[in-house]
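Since the structure comes first, as structure tokens, the remarks are kept for the end.
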């Protein structure tokens, strides 16, 4: 820094230099507008009078930085004088902000070149901008989201290896996994989960499974099991199947076997406690990948898959998905079944059309109530027991 001449080094001018330093940092070292200096004491007013060559009699004055730059030419210009007077460099905050903004846009631009237009894309890109990941992380997340755009079922490890070339690239602690989960939360209109179970549920909604043993499918009297699971199934006990079980004990059953596919575990439990002799597969809400694998294996064997779920928008959405992806037949899920059911909880959420019954959604909107499986258990058991299938 240059040494200040005596006529600029008067300590009484310190308030002037502090204001000028702050303004040049905010707007840039080359900015030459006007600034107001306030609270000048009499010594400061006299010192500034000497500097400007005119009398300053008030504690507040407006200064033209272009004029000061010209006056300070011999001392190196305005910037050099301000830095020397304050004893520190003027940091170009404006350029820093512009560079930071440009860096935040690079990951957004990278993701934008990969991810097609979807309803939640703009909000996700805004979140990417706030998170400010690396360009590569944003590009990787967008590539994963494109891969998940199709109606597919895949393990998270296989998805990571297939799309990103690294089986651990979508582990819970990875930046890429965090970005993908943000997008999935927007896609499924859900809160961004903080707990591991919530994260697994969100992955499952997108058709992505985790390891081979943590996800299970709850079944009852499924006559397809061999090995150590066969005895429990034959005794009528509910059995939790893992992906590992399915790999070791392939599913095989007779063509035409009648299987109830339900949404709520309470239905399976009620069947287990009754005299009804029917095989049951429980989706436990939205079916996970293991459940989908079980249903597809049964369908390949020619089993008749009959689905019953809640009469609410979530239940209809699940049924639509299983009709489309697995070929289930909605059972006891008609408009007449809904209208004959008891009054339930208020129907909330966005309406979903039932693909198998065009009047069902209309009547549900008109009636305005949801009917959950648990409330119609006696009727379901009676129909199963009578063979009305």
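Estimated from the Cβ-Cβ distance and a Förster radius of 22 angstrom, the FRET efficiency linking residue 190 and residue 320 is about 0.75. For segment 216-386, give the share of DSSP beta bridges that are antiparallel, in percent and rounded to the nearest 5; count only bridges with both residues there. That works out to approximately 50 percent antiparallel.
A Förster radius of 45 Å combined with the Cβ-Cβ distance from residue 103 to residue 247 puts the calculated FRET efficiency at roughly 0.45.
For segment 349-389 and segment 222-282, what is the centre-to-centre distance using only Cα atoms, to the nearest Å? Each part reduced to its Cα centre gives a spacing of 24 Å.
Taking label positions 7 Å along the Cα-Cβ direction at both residue 175 and residue 41, the computed distance is 5.1 nm, reported to one decimal. When only Cα pairs below 8 angstrom with a gap of at least 6 residues are kept, the chain shows a relative contact order of 9 percent. Shape of segment 253-318 from its Cα gyration tensor (a ≥ b ≥ c, root eigenvalues): rounded if a/c is under 1.5, otherwise prolate when a/b > b/c, or oblate? Verdict is oblate for segment 253-318. Segment 161-213 and segment 31-72 have Cα centres lying 60 Å from one another. Helix 175-187 and the longest principal axis of the Cα set of the chain meet at an angle near 70°.
If the segment from residue 49 to residue 297 were pulled out straight at 0.36 nm per residue, it would be longer than the present Cα-Cα gap by 80.0 nm. Report the calculated FRET efficiency for residue 255 and residue 277 (r = Cβ-Cβ distance, R0 = 22 Å), to the nearest 0.05. Efficiency, from the Cβ-Cβ distance: 0.75. Rounded to the nearest 10 degrees, the inclination of helix 135-147 to the longest alpha-carbon principal axis of the chain is 20 degrees.
Helix 313-325 and the longest principal axis of the Cα set of the chain meet at an angle near 70°.
One chain, two ends: residue 153 and residue 22. Fully extended at 0.36 nm per residue, the span grows by 41.4 nm beyond their Cα-Cα distance. Our estimate of slack between residue 96 and residue 348, defined as 0.36 nm per intervening residue step minus the Cα-Cα distance, is 85.9 nm. Beta bridges per DSSP, both residues in the chain: antiparallel share near 50 percent.
Listed options for percent of Cα pairs over 31 Å apart are (1) 58; (2) 31; (3) 44. The value calculated from this structure is the one marked (1). Taking 7 Å steps out from each Cα toward its Cβ at residue 30 and residue 134 produces label points 3.4 nm apart.
Bear in mind that the values in this text are calculations on the coordinates, not laboratory data. Only a predicted model underlies this, so the values are computations on that prediction, with no experimental measurement involved. Neighbour counts are summed over all protein chains in view; Cβ atoms, including those assigned to glycine, are modelled from backbone coordinates with ideal geometry.
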